[in-house]
Amino acid sequence: MIVLKFGGTSVGSVENIKKVAKIVKTEKKQNIVVLSAMSGVTNTLVKISNLLSQKNRVDAQLEMNNLHQKYQDVILKLFKSKLSFDKASLVIECHYDELLSILEIKFSEKVEKLILAQGELVSTSLFQLYMEEIGESSSLISALDFMIIDNNHEPDSNKIKEELSKIILKHSDTKVLITQGFICRNTNKEIDNLKRGGSDYTASIIGAAIGASQIQIWTDISGMHNNDPRFVDQTFSIGEISFDEAAELAYFGAKILHPQSIIPAKEKNIPVLLKNTFDPDARGTLIHNNAKVEKIRAIAAKDNITAIKIKSYRMLMAYGFLKKVFEIFEQNQISIDMITTSEVAVSLTIDDTSKLDNIIQELEGLGSIEVDNDLSIICIAGNLSQNKKGVTALIFNCLVDIPIRMISYGGSNYNLSFLVKTTDKVTVLNLLNKGLFIKVGSKN
Ligand code: ASP
């Protein structure tokens, strides 16, 4: 069995829904299709929740009406037969009524989760009706019946496997099983979710639970690129990449994949294929554990980085200093991205500055503090194992004229990161592309 996940843009219009159906139709074997909400819908639902939390029922209802209208336009164009149209009408009326009924009740976190679930519930129902209309064997299976999270908000893999196996057994004659990404149930059996962008995670969890032969993530880009095509000409899509390299890139800005989402697939060694709904013949990127080793696989950048330097002679030959620094970040619930140390100073970076003033104030108790803003982390992913000669020279030879604020190497075998001014980012990405891929190209 394979799992195919389509994101919001892929199901974002009538035309696109038809493209998705065509792709799913070409699969010969039984498969599970995971869908996001239509693009923009979850944002609207978040807006509705926010309005309700501010007790602004009038504007919340306006948003609900607009959403209802959007769905009406979709089903009018999507369905040819009266029977399918009537069924689809019933679906959207039911969900609209559910939203309207929420206007009457007291807003809470539980209500918010119920609101956010509506996008995936509608997109999957409409898609299943469309598959039915075009004569494809399909069933809707509700993620709320098997996608269970535990008290730590982590998927309960045993329960998921148990429940999903029972459901699949019941539908053994159905070719396409359609389910919702993102939504789940918590330990209180309430509707919950896997956080924004969580549909990839759903696909990966399902893939791991059923031991799928492949998980396909369909988006609007042809796989991962070796560099950022928005800033660099002559980039190319990567044919294959290891899970470790993909994880490094996902974190550093290759937004094509939710970083957490590949964990279940990696653990069960299930290949993940990234494909483009709008160019299904493009090869895409295969993420798997046996990817051919490449010295340098890809480059990614992450903006809005702030560097903090803590300098203290008390650090010299002392133990426990770093612990005190890290505790301050932990207490402020801010995660650290990069870190480098010398004998008397430590530099680290953060991308969330919401608690910066507080953090600086507390760090001042440990030493003198310098803060630099508007920085970018450049991440180079590949097989950068420390016993490989020449790889660091290859990278930094491209950057002789660029001031570098911090370097992090050796944290893993797959990543070398450094910090530059954001104003230098595009130059750096282009220099690296030229030096590492175009000039050296096949020598990698
Ligand atoms: N619909 C949800 C979101 O927009 C989940 C997803 O698409 O992955 O965040």
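The values are calculated or read from the model by the stated rules, or taken from the named source; none is laboratory data. A quick note: this is a predicted structure, and the numbers were derived from the prediction, not measured. Here the Cβ positions follow ideal geometry from the backbone for every residue, glycine too, while neighbour counts run over all protein chains shown. Accessible surface areas use protein heavy atoms only, side chains included; no ligands, DNA or RNA. Shrake-Rupley method; radii C 1.70, N 1.55, O 1.52, S 1.80 Å.
Classify region 306-444: rounded, prolate or oblate, from the alpha-carbon gyration tensor (a ≥ b ≥ c, eigenvalue square roots; a/c under 1.5 rounded; otherwise prolate if a/b is larger than b/c)?
Prolate shape, in that a/c is at least 1.5 and a/b is the bigger ratio.
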key: Share antiparallel - DSSP beta bridges, the chain, percent rounded to 5   = 60 percent
inquiry  = Give me the one-decimal nm value for the distance between modelled label points at residue 389 and residue 409, 7 Å along each residue's Cα-to-Cβ direction.
reply    = 1.5 nm
ask   = What does the accessible area per residue of region 111-221 come to in Å², with a 1.4 Å probe and no ligands, DNA or RNA counted?
value = 38 Å²
ask   = For residue 136 and residue 53, what is the calculated FRET efficiency with R₀ set at 41 Å and r taken between the beta-carbons, to the nearest 0.05?
value = 0.50
key: Share antiparallel - DSSP beta bridges, region 186-309, percent rounded to 5   = 35 percent
inquiry  = Can you bin every Cα-Cα distance in region 116-167 into 10 Å intervals starting at zero and give me the percent of pairs per bin, rounded to whole numbers?
reply    = 23, 37, 32, 8, 0
ask   = Stretched out fully, how many nm does the piece from residue 323 to residue 145 gain, at 0.36 nm a residue minus the Cα gap?
value = 59.7 nm
message = Given the -39500 (n - 2.57) contribution per DSSP H run of 4+ residues, what per-residue ellipticity at 222 nm results for the chain, rounded to the nearest 500 deg cm²/dmol?
response = -12000 deg cm²/dmol
Estimated distance in nm for a label pair at residue 100 and residue 311, the labels positioned 7 Å out from Cα along Cα-to-Cβ = 6.7 nm
remark   = Between residue 80 and residue 290, Cβ-based FRET efficiency (R0 51 Å, step 0.05) works out to 0.65
query = Which whole-number value in Å² is the accessible area per residue of region 1-52, probe 1.4 Å?
reply = 36 Å²
inquiry  = Is the C-alpha gyration tensor of region 77-133 telling us rounded, prolate or oblate? Criteria: a/c under 1.5 is rounded; beyond that, a/b larger than b/c is prolate, otherwise oblate.
reply    = prolate
request  = For residue 89 and residue 352, calculate 0.36 nm times their separation in residues minus their Cα-Cα distance, and state this gained length in nm to one decimal.
outcome  = 90.3 nm
Rounded percent of accessible protein surface that carbon and sulfur make up, region 30-182, 1.4 Å probe = 51 percent
key: Calculated over region 288-371: convex hull of Cα atoms, volume per residue (Å³)   = 151 Å³
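For region 1-91, report the translational diffusion coefficient in µm²/s to the nearest whole number, using Stokes-Einstein at 10 °C, 1.306 mPa s, and a Kirkwood Rh over Cα pairs.
For the chosen part, D equals 106 µm²/s.
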request  = With everything on Cα atoms, drop me the angle between helix 41-53 and the longest principal axis of the chain, reported from 0 to 90° to the nearest 10.
outcome  = 90 degrees
remark   = Here, region 261-314 modelled as identical Cα point scatterers in vacuum has Debye log10 I(q)/I(0) at q = 0.21, 0.24, 0.29 Å⁻¹ of -1.00, -1.09, -1.15
task = Take the Cβ-Cβ distance between residue 29 and residue 282 as r, set R0 to 30 Å, and report the resulting FRET efficiency rounded to the nearest 0.05.
result = 0.85
ask   = What is the spread of the Cα atoms of region 152-249 along each of their three principal axes, largest first, in whole Å?
value = 49, 33, 23
query = Expressed as a whole percentage, what fraction of the accessible surface of region 344-444 belongs to carbon and sulfur atoms when a 1.4 Å probe is rolled over the protein heavy atoms?
reply = 48 percent
key: Highest-first arrangement of 91-99, 178-186, 190-198, 393-401, where packing means the average Cβ count within 10 Å   = 178-186, 190-198, 91-99, 393-401
request  = Would you mind pulling out the separation of the Cα centroids of region 312-347 and region 148-176, in Å?
outcome  = 43 Å
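Beta carbons within 10 angstrom, averaged per residue: use that to sort the peptides 290-296, 214-220, highest first. Walk me through the numbers before you get to the answer.
Details: 290-296: 15.3, 214-220: 23.6.
Going from most to least packed, we get 214-220, 290-296.
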inquiry  = Let me check the size of region 373-429 from its C-alpha atoms; what are the radius of gyration and Dmax in Å?
reply    = 11.4, 34
inquiry  = Once you place label points 7 Å from the Cα toward the Cβ at residue 61 and residue 167, how far apart are they in nm?
reply    = 3.5 nm
request  = With a ≥ b ≥ c taken as the square roots of the eigenvalues of the C-alpha gyration tensor of region 95-216, please select rounded if a/c is under 1.5 and otherwise prolate if a/b is larger than b/c or oblate if it is not?
outcome  = oblate
task = Largest first and in whole Å, give the semi-axes of the chain's equivalent ellipsoid, each being the square root of 5 times a Cα gyration tensor eigenvalue.
result = 42, 28, 20
remark   = Sorted largest first, the Cα spans of region 52-147 on the principal axes come out in Å as 45, 31, 13
